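The structure appears right after this line, and notes come after that.
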Amino acid sequence: IVIVQSWNSKKIIQSAIVNLGNTDISSNNISITNIKNYPNPFNLNSTSKSTGITISFYSPITTDTKINIYNIKGQKVANLFNGKINKGNKKFVWNCKDNKNRTVTSGVYLYKITSSAINYLGKLLIVK
């Protein structure tokens, strides 16, 4: 279990508990649960019907949400979603392209889900 906290200059402004052995996270008594990404690893040269990597989760509230993809250096590669999500199961598919519509290279990528309730960072692996 890891405790993640956001600070301003004087106090904790947000606190989240991340259980690395589970996919449930909570912040201020609000939980986003069942966070998954699949297929992981994703094979760019696969002949399967998969069009990309699916990131799915359950949100218990309606909230403004951002999902961004970063390379291992922490540089933003793609903006997957930026808007309001309603309560319920959510599914987003990243087509493994950057913001300039270029296919990314093999490697480790991170996805960050940011909302008014929580911040979550997950790992993706892309192979050729």
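The values are calculated or read from the model by the stated rules, or taken from the named source; none is laboratory data. Only a predicted model underlies this, so the values are computations on that prediction, with no experimental measurement involved. With ideal geometry, Cβ positions are generated from the backbone for all residues, glycine too; neighbour counts draw on all protein chains shown. We work out accessible area using only protein heavy atoms, side chains counted, and drop any ligands, DNA or RNA first. Shrake-Rupley method; radii C 1.70, N 1.55, O 1.52, S 1.80 Å.
Okay, here's what the table says:
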| quantity | calculated |
| --- | --- |
| Yes/no for residue 40 being in contact with a Leu (Cβ under 7 Å, 6 or more places away or on another chain), open to solvent by 60 Å² or more (accessible area, probe 1.4 Å) and not in a strand (DSSP E or B) | yes |
| Residue pairs meeting the criteria (Cβ under 7 Å; at least 6 apart or on separate chains; first among the small types (Gly, Ala, Ser), in the stretch 26-45; second modelled with pLDDT under 75 and surrounded by fewer than 16 Cβ atoms within 10 Å (Cβ to Cβ)) | 26/17; 27/14; 27/15; 31/24 |
| Cβ pairs under 6 Å, 6+ apart, first in the stretch 93-109 and over 14 Å from residue 67 (Cα atoms) and of a type in the set (Gly, Ala, Ser), second open to solvent by 80 Å² or more (accessible area, probe 1.4 Å) and part of a loop (DSSP other than H, G, I, E, B) | 106/128 |
| Among the residues listed as 69, 61, the single one being at pLDDT 95 or above, open to solvent by less than 70 Å² (accessible area, probe 1.4 Å) and of a type outside the set (S, T, N, Q) | 69 |
| Hits in the stretch 59-82 (condition: assigned to a strand (DSSP E or B) and among the hydrophobic types (A, V, I, L, M, F, W, C)) | 67, 69, 77, 78, 80, 81 |
| Residues located in the stretch 94-107, provided they are open to solvent by 50 Å² or more (accessible area, probe 1.4 Å) and in contact with a strand residue (DSSP E or B) (Cβ under 6 Å, 6 or more places away or on another chain) | 97, 99, 103, 106 |
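Let's see how each residue does on (1) modelled with pLDDT under 90; (2) assigned to a loop (DSSP other than H, G, I, E, B); (3) touching an Asp or Glu at 6+ places or on another chain (Cβ under 6 Å); (4) open to solvent by less than 40 Å² (accessible area, probe 1.4 Å):
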{"site": "32", "(1), (2), (3), (4)": "yes, no, no, yes"}
{"site": "84", "(1), (2), (3), (4)": "no, no, yes, no"}
{"site": "112", "(1), (2), (3), (4)": "no, no, no, no"}
{"site": "120", "(1), (2), (3), (4)": "yes, no, no, yes"}
